[in-house]
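Undergrad: Just dropping this structure here.
The values are calculated or read from the model by the stated rules, or taken from the named source; none is laboratory data. Everything numeric here is computed off the predicted structure, so don't read it as measured data. Using ideal geometry, Cβ is built from the backbone for each residue, glycine included, and neighbour counts are taken over all protein chains shown.
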Amino acid sequence: MITSHGETPALDPRWGENTPTHDPQVLAHFEPRHSDILITTAPKSGTTWMQQILHQLRSGGDTHFSSINDVVPWLEKPNAHQTWQQRLQQFAELPDPRIFKTHCTAEQTPGIDRVNIILSSRDPRDCCVSMYHHILNMTEATRAQTGIPYPPSFDQHVEQWLAGGAWYRNIKSWWPYYDHTNVLWLRYQDMKRDLATCMTQITDFLKWQITAEQKARALEYSSFEWMKQHDEKFSRQDSTDKPLFKPGQFIRKGEVGSHQQLMTAEQEERILNQAHQCLDKDCLRFLEL
Ligand code: A3P
């Protein structure tokens, strides 16, 4: 939007800072619909898995897309080939029900009282380890483009991850919405234990009718094995892009408790202490922390 003086008006600071993965213009001007579904997560909590699950449930089993981000876009992520207005136009043309992924906090999420929100949360220790490998597994081109350096050591990665605080900010901001009727909060450990039941929770929440055959396909295509085998569908910003990660490394291990192989007791304590300092007791209990 341009004022009569030709200037772009300043945005409300609630939409956040402009970064390579966060465009406040898109958030401020996005037009949410009642049928929209926003997958909201702290990074490395199973976001891509939830993108795939929802796309499979919506489509009844579709393997023809070349990048998951084409069919379930990342809401606030700028695209180098588009202005923010073009990005919004692309979103406006998507058929209902639209599904987006976001890492926004509750405050930054447009249409929070109108859209359907599905959260996936994961143990912060596993998220921290997963992020370490995420950085190590970037291609050299991605590293050059993003300017993200190799962490000098795992311990320094833990320090930077704690200082960045994205996991804590995200969970703290969403907890007050836990029992809202338009919010469904699923835990990674439950999805690992019994994905079929989690899928039923999702279809009940969204009031989607699916057949047993469609559900069986959704389960197969959302399995770790299937996604690992088709890693190239999940490791690009969109189908016009090259893979951002080394082959087969984005869908990496997919385990609960995998931090135990890398993290010292002292590192675990630092991560858990920060959680205990900033999160509500009920939230910690729910997250099994
Ligand atoms: P690991 O690095 O621990 O293997 P995000 O999509 O939020 O970046 O999360 C990535 C994590 O989700 C990675 O964890 C990845 O392996 C895991 N993941 C992706 N697909 C999965 C699936 N089908 N089942 C279990 N975990 C999956």
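Undergrad: Could you tell me how many of the residues in the stretch 222-245 are part of a helix (DSSP H, G or I) and within 16 Å of Asn69 (Cβ to Cβ)?
TA: Filtering the stretch 222-245 down to residues part of a helix (DSSP H, G or I) leaves 224-229, 231-233.
Narrowing further to those that are within 16 Å of Asn69 (Cβ to Cβ): 227, 231-233.
Selection size over the stretch 222-245: 4.
Undergrad: Can you tell me which residue within the stretch 218-230, out of those that are more than 8 Å from the ligand (Cβ to nearest atom) and either on the phi > 0 side of the Ramachandran plot or not charged (D, E, K, R) (or both), is surrounded by the most Cβ atoms within 10 Å (Cβ to Cβ)?
TA: Going through the qualifying residues, I end up with Ala218.
Undergrad: Another question about this same structure. Considering each residue of the stretch 231-257, count those that are more than 10 Å from the ligand (Cβ to nearest atom), surrounded by fewer than 14 Cβ atoms within 10 Å (Cβ to Cβ) and not small (Gly, Ala, Ser), and give that number.
TA: Number satisfying all stated conditions: 3.
Let's see how each residue does on (1) at pLDDT 95 or above; (2) part of a helix (DSSP H, G or I); (3) of a type outside the set (A, V, I, L, M, F, W, C); (4) within 21 Å of Leu287 (Cα to Cα):
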| site | (1), (2), (3), (4) |
| --- | --- |
| Ser173 | yes, yes, yes, yes |
| Cys198 | yes, yes, no, yes |
| Gln201 | yes, yes, yes, yes |
| Asp204 | yes, yes, yes, no |
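Undergrad: Check the stretch 120-140 and report whether any residue there is surrounded by 14 or more Cβ atoms within 10 Å (Cβ to Cβ) and over 25 Å from Gln261 (Cα atoms).
TA: In the first step, residues of the stretch 120-140 are kept if they are surrounded by 14 or more Cβ atoms within 10 Å (Cβ to Cβ); the result is 120-139.
When the remaining residues are screened for being over 25 Å from Gln261 (Cα atoms), the result is none.
Checking the stretch 120-140: not a single residue is surrounded by 14 or more Cβ atoms within 10 Å (Cβ to Cβ) and over 25 Å from Gln261 (Cα atoms).
Undergrad: Turning to a different aspect of this structure: If you take the residues in the stretch 158-174 that are surrounded by fewer than 20 Cβ atoms within 10 Å (Cβ to Cβ) and not charged (D, E, K, R), which one is nearest to Ile112 (Cα to Cα)?
TA: Ser173
Undergrad: For the stretch 2-111, list the helices (runs of 4 or more DSSP H) that sit wholly inside it and hold at least 2 residues that are within 16 Å of the ligand (Cβ to nearest atom) and either on the phi < 0 side of the Ramachandran plot or modelled with pLDDT under 95 (or both); which are they?
TA: On the way: elements: 24-29, 47-59, 68-71, 84-92.
Per the criteria, 47-59, 68-71.
Undergrad: Related question: What is the residue count in the stretch 113-142 for residues that are more than 8 Å from the ligand (Cβ to nearest atom), farther than 19 Å from Gln249 by Cα and either within 16 Å of the chain's Cα centre (by Cα) or of a type in the set (S, T, N, Q) (or both)?
TA: 7
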